[in-house]
Amino acid sequence: MSAPAHPGATTRGVVYRDLLEQFRSAEILSAELDARLLMAAATQVDEVALIADPDQLVEVRHLDVLRGYVRRRLSGEPVSRILGHREFWGLPFSLNRATLDPRADSETLVEAVLAHVTGRNASLQILDLGTGTGCLLLALLSELPNAHGRGIDCSADAVEAAAGNALRLGLADRATFSVGDWGDGLEGPFDLLVSNPPYIPSADIAGLSKEVRAHDPMAALDGGDDGLTAYRHIARDTQRLLGPDGAAYWELGIGQSEDVSGIASDAGLEVCGLHADLGGVPRVLGVKRRI
Ligand code: GLN
C-alpha cells in the first residue's frame, strides 16, 4: 500500500465542515462566519477563494495555526480578539487589550452624526471622549474630508491603538490622540462631540457573556453603581466644550435614555434626538447646548 501523497493534509471543505460542527456544538451563534474568518486567516487566503475552491488541500502548518485559533474560540475568545482586528463602518480596526471591541450597534452613532451634518465638506472640529480603537472618530473623518478630530482615552495603550489605526487608514493628518480623563484640560469649542462611554452597571458585569466579560477591558464596560458615572462627567465636558451650534452624540446602554436625558438637562444641555439601533434599542442620544 502506498503512503498518501500528503500525509496529514486535508481539504478546505473537510476542515470547514469540521469547524462548523465544533462551533455549532459549542453553541457559537456566528458559527459560519467565525469558521470562515478563522480559516481565511490561518490559511492566508481570502474568504471568497476559500469557498470557491473547497477541494484545495490545507497545508499542515496552516492547520496547526488554525488549531490554536479554534482552541481559543472554543474557550470563549471572540474572533476579533484572536485575529487582533475588527471591521467597523467598513474599515479595518486593530484592537488591543485596552480597547473595546467595536460593535455594530455603535455604527448607529456614526449614522446619527452624519444625518445631522449639513454638507459633507464642512470643516468641523470633532472630539471623541473614550476613543478606544478610535473607531467612532475615524469612521467620521473617513466620511467628512475637511473635518479634524481629537480622541481622548484614559489608557495609553488605547491611544496607541487608535493612533495606529489612524495611520493605517490614511487619516493621521487629521486626527490626534492623547491620554486624558474625559475632557479635563481640553479647550473648545468643538462642533461635534461623540462618546461611547462605559455604561454597564457594575453589578451586571458578571452576567455579561464570556466573550465580553473576559475579553473587553473593564474600564470600557464598567459604568459604576448605576452605570451612569461617565455620563455625569461627559455631560459637564459637553456643556463646557461644545460650540453654541455644536451637537454631541452619546451611545447609551439598554434602558438608559431617560436617566441620561436627565443628566444632560441637569448639566444645562438640551436633548435633540434619540436614535435606535438595528435591533430597535434606543442607542444614541443627541444633545446640544441650551442657548
Ligand atoms: N456595548 C457594550 C456591551 O453591551 C458595552 C460597551 C459600553 O459600555 N460602552 O457589551
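The values are calculated or read from the model by the stated rules, or taken from the named source; none is laboratory data. Keep in mind it's a predicted model, so treat the numbers as computed, not measured. When we count neighbours, we look across all protein chains shown, and the Cβ atoms used for this are built from the backbone with ideal geometry, even at glycine.
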Among the listed residues Arg72, Arg86, Arg67, which satisfies the condition of being part of a strand (DSSP E or B) and either within 12 Å of Val15 (Cβ to Cβ) or basic (Lys, Arg) (or both)?
Arg86
Condition first: within 16 Å of the ligand (Cβ to nearest atom), at pLDDT 95 or above and hydrophobic (A, V, I, L, M, F, W, C). Can you find one or more residues in the range 70-82 that meet it?
yes
Give the residues of the range 46-71 that are surrounded by fewer than 17 Cβ atoms within 10 Å (Cβ to Cβ) and closer than 17 Å to Glu32 by Cα, sorted by residue number.
Asp46, Glu47, Val48, Ala49, Ile51, Ala52, Asp53, Pro54, Arg67, Arg71
Run Leu95 past the list (1) among the aliphatic types (A, V, I, L, M); (2) more than 16 Å from the ligand (Cβ to nearest atom); (3) under 24 Å from Ala220 (Cα atoms) and report the number of the one that doesn't hold.
(2)
Expected single match for basic (Lys, Arg) and either assigned to a loop (DSSP other than H, G, I, E, B) or closer than 30 Å to Ser123 by Cβ (or both) among Arg232, Arg236 is Arg236
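Yes/no matrix, rows are residues, columns are (1) more than 16 Å from the ligand (Cβ to nearest atom); (2) free of Cβ contacts under 8 Å to residues at least 12 places away in the same chain; (3) of a type in the set (A, V, I, L, M):
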{"residue": "Ala206", "(1), (2), (3)": "no, yes, yes"}
{"residue": "Asp216", "(1), (2), (3)": "no, no, no"}
{"residue": "Ala219", "(1), (2), (3)": "no, no, yes"}
{"residue": "Asp222", "(1), (2), (3)": "no, no, no"}
{"residue": "Asp225", "(1), (2), (3)": "no, no, no"}
{"residue": "Ala230", "(1), (2), (3)": "no, no, yes"}
{"residue": "Asp237", "(1), (2), (3)": "yes, no, no"}
{"residue": "Ser265", "(1), (2), (3)": "yes, yes, no"}
{"residue": "Leu274", "(1), (2), (3)": "yes, no, yes"}
Hey, does the range 216-224 have a residue that's at pLDDT below 95, under 21 Å from the mean Cα position of the chain (by Cα) and either farther than 17 Å from Leu100 by Cα or not aromatic (Phe, Trp, Tyr) (or both)?
no
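Are there strands (runs of 3 or more DSSP E) fully within the range 139-206 with at least 2 residues that are of a type in the set (Gly, Ala, Ser)? List them.
In the range 139-206, 148-153, 175-179 are the strands (runs of 3 or more DSSP E) which contain 2 or more residues that are of a type in the set (Gly, Ala, Ser).
Can you find a residue in the range 109-124 that is within 13 Å of the ligand (Cβ to nearest atom), of a type in the set (A, V, I, L, M, F, W, C) and over 12 Å from the mean Cα position of the chain (by Cα)?
Scanning the range 109-124 turns up no residue that is within 13 Å of the ligand (Cβ to nearest atom), of a type in the set (A, V, I, L, M, F, W, C) and over 12 Å from the mean Cα position of the chain (by Cα).
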Filtering the range 163-183 down to residues that are touching a residue at least 40 places away in the same chain (Cβ under 8 Å) and hydrophobic (A, V, I, L, M, F, W, C), which residue is nearest to Leu129 (Cα to Cα)?
Trp182
Do we have any residue at all in the range 165-184 that's within 16 Å of the ligand (Cβ to nearest atom), out of contact with any Lys or Arg (no Cβ under 7 Å at 6 or more places or on another chain) and among the small types (Gly, Ala, Ser)?
no
What pairs can you find where one residue is in the range 111-137 and touching a residue at least 12 places away in the same chain (Cβ under 8 Å) and surrounded by 13 or more Cβ atoms within 10 Å (Cβ to Cβ), the other is polar (S, T, N, Q) and assigned to a helix (DSSP H, G or I), and their Cβ atoms are less than 6 Å apart, with a gap of 6+ or different chains?
Thr133/Asn165; Gly134/Asn165
Criterion first (at negative phi, in contact with a strand residue (DSSP E or B) (Cβ under 9 Å, 6 or more places away or on another chain) and either among the polar types (S, T, N, Q) or within 13 Å of the ligand (Cβ to nearest atom) (or both)) does Pro201 satisfy it?
yes
Of everything in the range 239-263, what is assigned to a loop (DSSP other than H, G, I, E, B) and either buried (at least 17 other Cβ atoms within 10 Å of the Cβ) or near the ligand (Cβ under 10 Å from one of its atoms) (or both)? Give them in sequence order.
Leu252, Gly253, Ile254, Gln256
